[in-house]
1. Enumerate the pairs (first residue in the range 28-48 and without any contact (Cβ under 8 Å) to a residue 24 or more places away in the chain; second residue anywhere and away from ligand 2 (no atom under 11 Å from the Cβ)) with beta-carbon separation below 9 Å, excluding pairs fewer than 6 apart on the same chain, so at least 6 apart or on different chains.
2. Restricting to the range 101-142, what's the tally of residues that are part of a loop (DSSP other than H, G, I, E, B), of a type in the set (Ser, Thr, Tyr) and modelled with pLDDT of 95 or more?
3. Being within 10 Å of ligand 1 (Cβ to nearest atom), open to solvent by 40 Å² or more (accessible area, probe 1.4 Å) and under 17 Å from the mean Cα position of the chain (by Cα) is the filter here; which residues of the range 226-260 pass it?
4. Would you be able to say whether some residue in the range 25-35 is near ligand 1 (Cβ under 10 Å from one of its atoms), out of contact with any Ser or Thr (no Cβ under 8 Å at 6 or more places or on another chain), part of a loop (DSSP other than H, G, I, E, B) and among the β-branched types (Val, Ile, Thr)?
5. For Lys114, are the conditions met, namely being within 16 Å of ligand 2 (Cβ to nearest atom) and either farther than 21 Å from Val235 by Cβ or in contact with an Asp or Glu (Cβ under 8 Å, 6 or more places away or on another chain) (or both)?
6. Answer yes or no: is there a residue in the range 146-153 that is open to solvent by 10 Å² or more (accessible area, probe 1.4 Å) and hydrophobic (A, V, I, L, M, F, W, C).
7. Among the residues of the range 1-29, write down those that are open to solvent by 20 Å² or more (accessible area, probe 1.4 Å) and modelled with pLDDT under 95.
8. Name every residue in the range 36-80 that is open to solvent by less than 10 Å² (accessible area, probe 1.4 Å) and more than 25 Å from Asp107 (Cβ to Cβ), in order of residue number.
Amino acid sequence: MAKIFCVANQKGGVGKTTTTVNLSAGLAKVGQRVLMIDLDPQGNATMGSGVDKRALKLTVYDVLLESATIAGARVRSDRLIEAGCAYDVLGANRELAGAEVELVEVDRRERRLKEALAKVASDYDFVLIDCPPSLSMLTLNGLCAAHGVIVPMQCEYFALEGLSDLVNTIKQVHANLNKDLEIIGLLRVMFDPRITLQQQVSDQLKAHFAEKVFNTVIPRNVRLAEAPSYGLPGVAFDPSARGSQAFIEFANEMVDRIGGMKRQAA
Ligand code: ADP
Ligand code: MG
């Protein structure tokens with residue numbers, strides 16, 4: 001059965017989408033069956049996975065409103081197949097912005113994604129959900145469906161402050177809606193070791209959160225930033241780039257951690 005993870009942080013521009021698409025590609029590359037769900041109306045994770053959001057007939061919007069199933073709406077990019085790191089995509093586009101309002105009227109509104117995922121969970125090893133930069137009904141659907149949250153963060157001065165809001169939200173969802181939910185780990189992204197402040201914040205993170213901080217560190221790397229304009233994750237666009245190598249390492253770390261969870265459960 002799939003392990004389901006949200007990539008979340010209510011701040012924008014912290015590297016959520018970059019993490020989601022590159023971890024998806026990295027996991028696919030090391031032999032995992034992956035579904036990537038784009039829960040952001042901007043559709044960046046969709047485009048960054050080689051899927052044209054404007055050409056999609058069915059998206060996560062139709063799944064949330066129960067006019068489509070995930071099996072009927074998922075797609076796969078030929079370019080990712082060629083690159084040897086293909087994963088399924090449940091895409092998003094601007095239409096999804098309307099779901100926020102439309103879901104207010106319906107029952108089980110925060111459980112729609114969870115229920116839809118239950119029908120395809122056996123098709124995958126990992127499901128990764130790219131969340132929008134807010135703690136909205138869309139993010140709530142992601143958090144309800146997930147076993148864990150991956151939090152990408154830049155090692156900057158206000159990083160820890162922003163984290164406490166997210167930690168509180170996760171605690172509330174854990175208490176009221178989803179007993180499985182936990183923070184799997186904090187991922188240090190866009191890291192530049194030459195900047196003393198980043199080293200200091202990184203040390204603080206490890207002191208506060210100990211083993212919840214992933215060992216892998218994602219460096220600031222221009223190839224990761226260039227890849228989306230070619231409609232590919234960095235891991236597919238330039239596998240030898242330092243940033244891409246770091247995401248392959250992160251994929252292996254995830255497999256090791258989750259493998260550990262599976263063994264504990266057995
Ligand atoms: P979010 O989804 O949280 O808004 P993005 O993943 O879109 O954040 O990243 C914000 C910007 O930073 C994008 O332009 C992206 O290409 C760039 N970026 C993300 N990670 C890196 C990295 N490791 N090195 C360089 N640029 C990065
Ligand atoms: Mg994003």
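1. Once the first residue is without any contact (Cβ under 8 Å) to a residue 24 or more places away in the chain and sits in the range 28-48, its partners that are away from ligand 2 (no atom under 11 Å from the Cβ) give Gly31/Asp125; Gly31/Val255.
2. Count: 1.
3. Pro228
4. Taking the range 25-35 and keeping what is near ligand 1 (Cβ under 10 Å from one of its atoms), we get none.
No; the residues of the range 25-35 include none that is near ligand 1 (Cβ under 10 Å from one of its atoms), out of contact with any Ser or Thr (no Cβ under 8 Å at 6 or more places or on another chain), part of a loop (DSSP other than H, G, I, E, B) and among the β-branched types (Val, Ile, Thr).
5. No, not satisfied.
6. Taking the range 146-153 as the starting set, the residues that turn out to be open to solvent by 10 Å² or more (accessible area, probe 1.4 Å) are 147.
Subset that is hydrophobic (A, V, I, L, M, F, W, C): none.
No - not one qualifying residue is present in the range 146-153.
7. Filtering the range 1-29 down to residues open to solvent by 20 Å² or more (accessible area, probe 1.4 Å) leaves 1, 3, 10-13, 17-18, 29.
Within the range 1-29, Met1, Gln10, Lys11, Gly12, Gly13 meet the criteria.
8. Correct list: Met36, Gly43, Ala45, Thr46, Gly48, Ser49, Ser77, Leu80.
The values are calculated or read from the model by the stated rules, or taken from the named source; none is laboratory data. For clarity, every value in this text was computed on a predicted model and none was experimentally measured. We place every Cβ from the backbone using ideal geometry, glycine too, and count neighbours over all the protein chains shown. The accessibility values were calculated without ligands, DNA or RNA, using every heavy atom of the protein model including side chains. Shrake-Rupley method; radii C 1.70, N 1.55, O 1.52, S 1.80 Å.
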